[in-house]
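Chemist: This is the structure I have questions about; it appears just below.
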Amino acid sequence: MVVLLQRDYNYLSDINVWHPFVTIGVYSSTLSAAMSSLIGASRILYALAKDDLFGRVLSPAKKTSCGGNPWVAVLISWFLVQLVLFAGKVNTIAGIATIFFLLVYAAVDLACLALEWASAPNF
């Protein structure tokens with residue numbers, strides 16, 4: 001099965017009721033994951049800029065729309081993603097991005113463990 005999926009990406013569309021369901025599902029899930037990552041990254045960038053952690057470097061990312069959406073942070077995040085995508089092959093970038101996601105989750109888990117062990121009153 002693994003060898004089949006490595007050689008024929010359209011295997012599931014051949015056994016589906018309607019062939020385009022698989023293609024539509026792949027594009028929808030990819031777009032959803034990309035948009036949620038982009039919006040999440042821009043909110044973190046906005047929070048970093050708002051707290052002045054990097055000084056004047058991120059000061060443009062503080063700008064928001066009337067509704068409070070950090071539109072400049074979204075554009076900066078999009079630009080950084082485009083730079084990474086133009087840097088190399090998508091398969092290489094996917095592996096690196098996966099490692100960074102796992103490292104972020106591990107860091108958050110370790111921080112929660114440290115707060116639990118320290119018996120922090122606000123945790």
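The values are calculated or read from the model by the stated rules, or taken from the named source; none is laboratory data. What you are looking at is a predicted structure, and each value in this text was computed from that prediction instead of being measured. FYI the Cβ positions are ideal-geometry reconstructions off the backbone, even for glycines, and counts take in every protein chain you see. When the accessible area is computed, the model is the full protein with side chains, heavy atoms only, and any ligands, DNA or RNA have been set aside. Shrake-Rupley method; radii C 1.70, N 1.55, O 1.52, S 1.80 Å.
Chemist: What number of residues within region 47-77 are open to solvent by 100 Å² or more (accessible area, probe 1.4 Å) and in contact with a helix residue (DSSP H, G or I) (Cβ under 7 Å, 6 or more places away or on another chain)?
Modeler: The qualifying residues number 3.
Chemist: So which of L80, L102 is open to solvent by 80 Å² or more (accessible area, probe 1.4 Å) and within 30 Å of D8 (Cα to Cα)? Reasoning before the result, please.
Modeler: On the way: L80 fails: within 30 Å of D8 (Cα to Cα).
Within the list L80, L102, the selection yields L102.
Chemist: A further question on this structure: Considering each of G67, G25, G40 in turn, give the residue that is farther than 26 Å from A97 by Cα and without any contact (Cβ under 8 Å) to a residue 12 or more places away in the chain. Let's see the steps before the verdict.
Modeler: Numbers: G25 fails: farther than 26 Å from A97 by Cα; G40 fails: farther than 26 Å from A97 by Cα.
The conditions single out G67.
Chemist: Which of the residues that make up region 83-99 are of a type in the set (S, T, N, Q) and either closer than 15 Å to S37 by Cβ or open to solvent by less than 40 Å² (accessible area, probe 1.4 Å) (or both)?
Modeler: Just the residues of region 83-99 that are of a type in the set (S, T, N, Q), to begin with: 91-92, 98.
Of everything in region 83-99, just one residue is of a type in the set (S, T, N, Q) and either closer than 15 Å to S37 by Cβ or open to solvent by less than 40 Å² (accessible area, probe 1.4 Å) (or both), namely T98.
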